[in-house]
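The values are calculated or read from the model by the stated rules, or taken from the named source; none is laboratory data. Everything quoted here is computed from the prediction, not taken from an experiment. Cβ placement follows ideal geometry from the backbone for every residue including glycine, while neighbour counts extend to all protein chains displayed. In case anyone asks, the SASA skips ligands and DNA or RNA and just uses the protein heavy atoms, side chains included. Shrake-Rupley method; radii C 1.70, N 1.55, O 1.52, S 1.80 Å.
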Amino acid sequence: MCAFHIIDMGAMQILDSRGRPTLSVTLTLAGGATGWAGVPSGASIGTKEAVELRDGDLSRYGGAGVTRAAATITGSIFHRLKGRPWHSLADVDQALIELDGTPAKARLGGNAVVGVSMATARAVAAAHGQQLWEYLTPSSVRPRLPVPHFNLVSGGVLASNRLDFQEFMIAPIGAPSMAEAVRAGAEIYAALRHNLAAAGQPTGQGDEGGIAPDLVEPHEVLTAIVTAISDAGYVPARDQVAIALDPAASHFRRDDGAYQVAGERLSSLELIELYARLAAEYPIWSIEDGLGEDDIDGWRHLTDRLGERLQLVGDDVFVTNPAVIEQGIARQLGNAALIKVNQVGTVTETLQAMELCRKHGYAQMVSHRSGETVDDFIAELVVASGCGQVKCGAPARGERVIKYNRLLHIASQRPDLAYGLAGR
Ligand code: PGA
Ligand code: ZN
């Protein structure tokens, strides 16, 4: 297929996993291929992310409606995309970027743009007779089944408990296959829930399906997780079942620039030493957003102090934006980037961000958002990128497990694909 024509587009308001409005986008090509996308939505967001267009009508959904964004898709976006040949997804994405014309996609709305970009990718893959992950794989990349990073315990802005750190994850790095990794995640999650219930702890869930116990100290959670790993019959170790943290530190940074953890005020350097102690005591292999997105000096200290021993992932500080990541790489901040398609707003820019990371030896972890739909786009993207790491929340709840289940499907269809971290 050398060129494609977009002949129809639809957009409607649906609910995301938090019960807030989001977009469902459909797109049809001449010849009949179709693509769908469900647009994810973050709560713990970086300031430089693509902007979501919300209606602001407080009498409906508290102002969070997306009917204007839906109308933009079927109106000005469809008007721009219909009636002409397109030669690649990159060309469509470039047209969307130009039509928007703002740095953060504030005019059309990042939510509208990303939905159209994702649906286009799906439709074009279908027109090629390819699976989405096959279509998205760059010619220089070997596709790979990723280590899933399961959210076991939630805190921060994604849960209503008192934990300051946002995500405590386990990563079955040493699992022999995708299927065994998923099994480990589910069995350890069940063991943790059982242990917490036996200890009289609440076992309700945060937005990403992680359990939200009434614990305050990070080490209490880490001890509970290590115990659950052992109780489920696995080995808590950096090369077996490892632990990954996303403290999301921007969200417990105080106005005076310090951090507030478990009731204590910590300077950047003190927080870095806390991470060093936790990483010495527990099998932590990766820390995301260990410091706030504006704490650039702190990020440099963190990278100097722990960058040799730990993966240090930038989420709020990089926002999947190639220009921002490039600056971060030049300043030697961290050694990995979190990858969220809706943070930057198009699939093409997301692929560019990942290519930039590969070029500079930065690892990548593909990520869901805390507000999700049953769209499994990121399962396809992570396999295509070959980066070997993904986080889609707990091994529970439909909008989370649909991604893990898609990875199981790809693994069963393609036993030739390697499982695990890239470069191992
Ligand atoms: P978000 O949270 O989707 O609310 O941004 C996830 C994260 O911080 O990684
Ligand atoms: Zn994060």
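For the ranges 123-136, 283-296, what's the packing order if you count other beta-carbon atoms within 10 Å of each residue, average per peptide, and put the highest first?
With the highest mean Cβ count within 10 Å placed first, the list reads 283-296, 123-136.
Among all the aspartates and glutamates, which ones have a C-alpha under 15 Å from Lys82's C-alpha, if same-chain residues fewer than 8 places away are not counted?
Of all the aspartates and glutamates, those that pass the test against Lys82 - Cα under 15 Å, at least 8 places apart if same chain - are Asp8, Asp91, Asp93.
Can you list the DSSP H helices in the chain whose Cα atoms extend at least 27 Å along the helix axis and whose mean Kyte-Doolittle hydropathy is 0.0 or higher?
Going by DSSP H runs, the hits are 178-198.
Straight-line reach only, C-alpha to C-alpha below 14 angstrom: list the aspartates and glutamates that Lys359 could link to, leaving out same-chain residues fewer than 8 apart.
The reachable aspartates and glutamates, counting only those whose Cα sits under 14 Å from Lys359, are Glu326.
Straight-line reach from Lys340: which lysines have Cα under 16 Å away, leaving out those fewer than 8 places along the same chain?
Lys48, Lys105, Lys391, Lys403
How much accessible area per residue does the chain have, counting only protein heavy atoms and a probe of 1.4 Å, in square angstrom?
37 Å²
Given charges of +1 on the Cβ of Lys and Arg and -1 on the Cβ of Asp and Glu, with all other atoms neutral, how large is the dipole of the chain about its Cα centre, in debye to the nearest 20?
Its charge dipole is roughly 1020 debye.
So what is the calculated 222 nm ellipticity per residue for the chain, using -39500 (n - 2.57) for each DSSP H run with n of 4 or more, over all residues, to the nearest 500 deg cm²/dmol? Intermediate results must be reported in sequence, preceding the final value.
Working: 14 runs with 156 residues, N = 424.
Mean residue ellipticity, 222 nm, calculated: -11000 deg cm²/dmol.
Using the per-residue mean of other Cβ atoms lying within 10 Å as a proxy for protection, in what order, highest first, do the peptides 108-114, 204-210, 162-168 fall?
108-114, 162-168, 204-210
Two-decimal Rg/Rh of the chain from alpha-carbon positions, Kirkwood Rh?
In the chain, Rg relative to Rh is 0.96.
Label region 257-330 by shape, choosing from rounded, prolate and oblate, from the square roots a ≥ b ≥ c of the eigenvalues of the Cα gyration tensor; if a/c is under 1.5 it is rounded, and otherwise prolate applies when a/b is larger than b/c, oblate when it is not. List each step's numbers first, then the result.
Numbers: a/c = 2.03, a/b = 1.37, b/c = 1.48.
Oblate, because a/c is 1.5 or more while a/b does not exceed b/c.
Full-extension gain between Thr223 and Ala104, please, as 0.36 nm times their residue separation minus the C-alpha to C-alpha distance. Don't skip to the answer; put the middle values down first.
On the way: separation 119, 0.36 × 119 = 42.84 nm, distance 4.08 nm.
Gain on stretching Thr223 to Ala104: 38.8 nm.
Among Ala237, Ala330, Ala90, whose mean-square fluctuation peaks in a Gaussian network model of the chain (Cα, cutoff 10 Å)?
Ala330
Quick one: check the C-alpha center-to-center distance for region 370-424 versus region 93-122, whole angstrom.
Between the Cα centre of region 370-424 and that of region 93-122, the gap is 24 Å.
Check each of the trypsin sites (Lys or Arg not before Pro) in region 49-153 and keep only those in coil by DSSP with at most 12 other C-beta atoms within 10 angstrom; list them in order.
Within region 49-153, no trypsin sites (Lys or Arg not before Pro) qualify (loop, at most 12 other Cβ atoms within 10 Å).
Arg142 versus Ser267, label points 7 Å from Cα toward the beta carbon: distance in nm?
Distance between label points: 4.7 nm.
Is the shape of region 65-215 rounded, prolate or oblate, going by the alpha carbon gyration tensor and its root eigenvalues a ≥ b ≥ c, with a/c under 1.5 for rounded and a/b larger than b/c for prolate?
It comes out oblate by the Cα gyration axes.
Could you pull the Cα extents of region 1-44 along its three principal axes, largest to smallest, in whole Å?
40, 19, 10
Take the alpha carbon gyration tensor of region 104-167, find the square roots of its eigenvalues, order them as a ≥ b ≥ c, and report rounded if a/c is under 1.5; if not, report prolate when a/b exceeds b/c, else oblate.
oblate
If region 312-424 were replaced by its equivalent ellipsoid, with semi-axes equal to the square roots of 5 times the Cα gyration tensor eigenvalues, what would those be, largest first, whole Å?
Value: 24, 16, 11 Å, ordered largest first.
Using the Karplus equation 6.51 cos²θ - 1.76 cosθ + 1.60 (θ = phi - 60°), what ³J(HN,Hα) coupling, rounded to whole Hz, does each residue of region 55-63 give in order, writing x for Gly and Pro?
5, x, 7, 5, 7, 10, 6, x, x
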